[in-house]
Amino acid sequence: MTNLAPLNDNIEDTMEINDRTRGLNYDETLLFEKEFTDTPGVDLPAAKGIKSRTGQKTREKIGIHQVSEPQVVRHFVRLSTKNYSIDSGFFPLGSCTMKHNPRINEKVARLPGFAHVHPLQPASTVQGALAVMYELQNWLAELTNLPGVCLTPSAGAHGELAGVMTIRKAHQEQGNGHKNIMLVPDSAHGTNPATAAMCGFDIRVIPTKETGRVTVEAFKEALGDGKDVAGMMVTNPNTCGLFETDIAEIVDLLHQAGGYFYCDGANFNALVGKIRPGDFGVDVMHINLHKTFSTPHGGGGPGSGPICVAESLKPYIPSPIVVKDGDDYRLEQDGERPTSCGRLKGYQGQFGMHVRALTYMMSHGADGLKQVSEDAVLNANYIHAMLKDDFHAPFEGPVMHEALFTEKYQKENGVTTLDIAKGLIEYGMHPMTVYFPLVVNGAMLIEPTETESKEELDRFIAVMKKLASDARNGETEKFHNYPVSAPVRRLDELKAAREPKLRYKKDAA
Amino acid sequence: MRYLPQTNAARKEMMDSIGVKNVDDLFIQVPKKAFIKGKTNLPDHQGELQIERKMLAYANQNINAQSNRFFLGAGVYYHHVPSSVDYIIQRSEFLTAYTPYQPEIAQGTLQYLFEFQTFIAQLTGQEVANASLYDGATAMAEAALMAMRVTRRNKICFGNDIHPQYCEVTETYLKNNDGNSYTVTEDPSKITDDTACVIIQSPDFYGKPHSYSDWRKACDEKGALLVVVINEIVSLGMLAPPTEADIVCGEAQSIGVAMSYGGPHLGFFACREKFIRQMPGRVCGETVDADGNRGFVLTLSTREQHIRREKATSNICTNQGLCALAFTVHMALLGENGFKQLAVLNHERACELADALIAIDGVSLKNQHFFNELALQLPQGKNAGDIVQQLADDYGIIAGYPADDRTILITATEITTDNGIKALANALQEVL
């Protein structure tokens, strides 16, 4: 034992001890700040020394960092501990449908016959993949009563693009190319006007402020003589968590003026298995597979946003769709349907998400899906009923699958929606959607989903009541400091935007 | 139903609290005619075992690339993915998180996005990158739209053989607005004063690497942007980075992401720093928290739809988060030496494949220069589509993509084996 080197007395001076790492809370450097290792985290066979035939000088130094496998694994596992997720707890983010993501979906999507097939293989070698897509098309058509389905859009906003382009193409083909106005209520998701603008439409806003709904009067005023109105984009149930009660009359007027009804499907979880959008006048609708049909959100994607359309719009949806000839499945060929509004994505969509969504649909079946929407609506109404004395509910219930409150009561004591959101973090819960919809001041939009038990809802309600009581008691300062226990405190978003630093640079470190 | 935790007793209690007797009382706002009446044509719920059996039967109807008789590329590539990658992306905290709107409890997602952006910028030789887009095709379409915003012009020029589906998608996006148009020319002197950008793919659709100096010069003269599209990102381990470009975008599926019959894949987008306020998609930036410690947030959101509504740069509100994570983990494992080595292995396998195939009578290469994809010219009178179909039907070989009547695009990667090359060469010889 005498041969041991003496302990370096100065080790604390030479090694930086990080005071933010305590217990199970890790401070984790950037990957690029770790020691550069001699060998990478993969062992690849040696090159044979074949002379390059790229016709170009071979790149010498790239400047990528290099670490070993255990360092990589530890780095990302430590990063993961800084994330809140639906698997860790209640995630009542309104309009986002953060429901349980079943693992069987992941297992099935990783079967080699799905994961390791190429989008350009001959159809005869991918009949099983095409059958999955065909079956999903049928499920969606049946659940929406909208018979034309295109699975290619990559996300909700991409589905909107597909749907609005379908409407544009329909008008052009029918000699109504002059119709250049899209009606959008002020409660709409920002993607609705952004999409319509991308498709060259002018936006005309329908005000909804007083009732939280589109009224026949407001609609008529926005419609005018309707000559230039191409369509209307409405989320139903809407972003205030309310069903548009006048929708039947509104859609009749819209259709008489030759416009199409685009329904944003973000809130389909309130309807699935129980109510069919095709039966209340919808002409085209996108479905977020990552919301209603449980494919994981993955920290912001990948999503999938198929569109479903009425018979009248079927000729115009993007290509390709899956068709069945006798017993054989195939993709539409290029140019097979000349009235199509075109190709919107490479290949045929986020197939891995199609597999997951179909797996989920089969798990629930028609009976389970009906229970999904009923429980989702029941849970939201329960929260609405239990919290409406503590928080200002701008609109009367019953609500659909989400409950909307505002900061009105708390604001009197200087506590804002943002403070309440950060307070929820302090109590170990993910906040609701905040400051959306824009039609009320300081919105808090709560969507519990059907995969929460009463026990979990009661825990959330208890925390919200505690926050309301703290605000009533004037503990304002406490709120402004929230969160104190999260991996980081409130972040300076202004600085991030004013001095954008979007990548690591060695010199700057 | 296993995903529904509510008990009947709890449902009853909750209805009592709300003050309704029946769940349908909560749906009174909905018109009666919209309710599903009676049974639908859809089956009732099933257990895991039944579903696994059904889906496995579907999966087994497909020929998958693990057969080692697989040579198809054309924009989507079959590469080996280290085991750690899938393990990490299946961690609940990554898999089941939302877009990081609450940064205090989403630093895991935000930090890997920052690292992803760094990797993309380093590989492409660009100053900045965004947090990913849907796929290569939509990334190219977004690049065209961005060039039009920056230059306030509305004409796009396709400068070489670009993936045809990328062009189709761009065309779809362009025709949304009257006045937008595109031209196809391989002659830099043909671009005009109203050209917003020139788009060059490298390696091009037929596998040939390109350099950009002539195009750069022409773009500078006419005030147009130069956009470089890359759909085999592994090529950047051997080829020079397109530092001359104003925008570099494309597909990064090759690193960490399965082919998955076409998606989800990983669009990437990098550009010069001066254009960041015109860049589409989500961006992550570094900042500090209330205690002055480093942290990350989504930033530059004033470009985006939830703030700008109809004046936004794009309607996009997601990225391909989990695919970007897979890429970042795989890149971290590869490191400088591993990534370059991977590129060399791909190229060497392609050289060996090329030698084996051109030994067949009447077969030649369209391009002498390539990275990992060959454009194989068949003899007169042979149809590429028929040959590919025949090789699949009779030999179980996925030989490649029939790019035109007599050309098959054939790819080798580090996964390609000697036996696989032999099997393809023998089969091709027999069918020709």
Are any residues in region B:290-320 touching a residue at least 24 places away in the same chain (Cβ under 8 Å) and over 25 Å from A:Asn192 (Cα atoms), and if so, which ones?
B:Gly295, B:Phe296
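Quick one: is A:Ser52 facing another protein chain (nearest Cβ under 7 Å), among the hydroxyl-bearing types (Ser, Thr, Tyr) and without any contact (Cβ under 8 Å) to a residue 60 or more places away in the chain?
Numbers: facing another protein chain (nearest Cβ under 7 Å): yes; among the hydroxyl-bearing types (Ser, Thr, Tyr): yes; without any contact (Cβ under 8 Å) to a residue 60 or more places away in the chain: yes.
Here the answer is yes, as A:Ser52 does meet what is asked.
Taking B:Leu391 as the residue in question, decide whether it is over 27 Å from the mean Cα position of the chain (by Cα), closer than 20 Å to B:Tyr78 by Cβ, part of a helix (DSSP H, G or I) and without any contact (Cβ under 8 Å) to a residue 60 or more places away in the chain. Reasoning before the result, please.
Working: over 27 Å from the mean Cα position of the chain (by Cα): yes; closer than 20 Å to B:Tyr78 by Cβ: yes; part of a helix (DSSP H, G or I): yes; without any contact (Cβ under 8 Å) to a residue 60 or more places away in the chain: yes.
Here the answer is yes, as B:Leu391 does meet what is asked.
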For region A:117-136, give me each residue that is part of a loop (DSSP other than H, G, I, E, B) and either closer than 13 Å to A:His354 by Cβ or more than 7 Å from chain B (Cβ to nearest Cβ) (or both).
A:Val117, A:Pro119
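If only one of B:Asn367, B:Asn346 is at the interface with chain A (Cβ under 10 Å from one of its Cβ atoms), under 25 Å from B:Met259 (Cβ atoms), touching a residue at least 60 places away in the same chain (Cβ under 8 Å) and not in a strand (DSSP E or B), which one is it? So that I can check it myself, show each step before the final result.
Numbers: B:Asn346 fails: at the interface with chain A (Cβ under 10 Å from one of its Cβ atoms).
Matching residue, one of B:Asn367, B:Asn346: B:Asn367.
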Being surrounded by 23 or more Cβ atoms within 10 Å (Cβ to Cβ) and in a loop (DSSP other than H, G, I, E, B) is the filter; apply it to region B:124-162 and report the residue that is farthest from the other protein chains (Cβ to nearest Cβ).
B:Gly159
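Considering region A:302-311 alone, what residues qualify as being part of a loop (DSSP other than H, G, I, E, B) and touching a Gly at 6+ places or on another chain (Cβ under 6 Å)? Steps first, please.
To start, the set of residues in region A:302-311 that are part of a loop (DSSP other than H, G, I, E, B) comprises A:302-306, A:310.
Result: A:Gly305, single match.
Can you list the strands (runs of 3 or more DSSP E) lying wholly within region A:207-301 that have 1 or more residues being touching a residue at least 40 places away in the same chain (Cβ under 8 Å) and small (Gly, Ala, Ser)? Full working, then the answer.
Details: elements: A:229-235, A:260-264, A:284-286.
Strands (runs of 3 or more DSSP E) meeting the threshold: A:229-235.
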Selected residue (criterion: nearest to the chain's Cα centre (by Cα)) from residues of region A:33-49 that are more than 8 Å from chain B (Cβ to nearest Cβ) and in a loop (DSSP other than H, G, I, E, B):
A:Lys34
Answer yes if at least one residue in region A:486-499 is charged (D, E, K, R) and in contact with a Ser or Thr (Cβ under 6 Å, 6 or more places away or on another chain), and no otherwise.
yes
Can you find a residue in region B:274-293 that is among the aliphatic types (A, V, I, L, M), within 14 Å of the chain's Cα centre (by Cα) and closer than 22 Å to B:Ala143 by Cβ?
no
Of residues in region B:71-109 being of a type in the set (Val, Ile, Thr) and assigned to a helix (DSSP H, G or I), the one surrounded by the fewest Cβ atoms within 10 Å (Cβ to Cβ)
B:Val85
Selected residue [surrounded by 18 or more Cβ atoms within 10 Å (Cβ to Cβ), within 24 Å of the chain's Cα centre (by Cα) and within 13 Å of chain B (Cβ to nearest Cβ)] from A:Glu493, A:Glu426, A:Glu452
A:Glu452
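Against the definition (within 8 Å of chain B (Cβ to nearest Cβ), touching a Pro at 6+ places or on another chain (Cβ under 7 Å) and of a type in the set (A, V, I, L, M)), how does A:Ile446 come out, yes or no?
Details: within 8 Å of chain B (Cβ to nearest Cβ): no; touching a Pro at 6+ places or on another chain (Cβ under 7 Å): yes; of a type in the set (A, V, I, L, M): yes.
It is false that A:Ile446 is within 8 Å of chain B (Cβ to nearest Cβ), touching a Pro at 6+ places or on another chain (Cβ under 7 Å) and of a type in the set (A, V, I, L, M).
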Filter result (in contact with a helix residue (DSSP H, G or I) (Cβ under 6 Å, 6 or more places away or on another chain), more than 7 Å from every other protein chain (Cβ to nearest Cβ) and either surrounded by fewer than 20 Cβ atoms within 10 Å (Cβ to Cβ) or among the aliphatic types (A, V, I, L, M) (or both)) within region B:44-70
B:Asn68
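No value in this document is a laboratory result; all are computed from the given coordinates. This is a predicted model, so every value here is computed, not measured. Don't worry about glycine lacking a Cβ; one is built from the backbone with ideal geometry, like all the others, and counts go over all protein chains shown.
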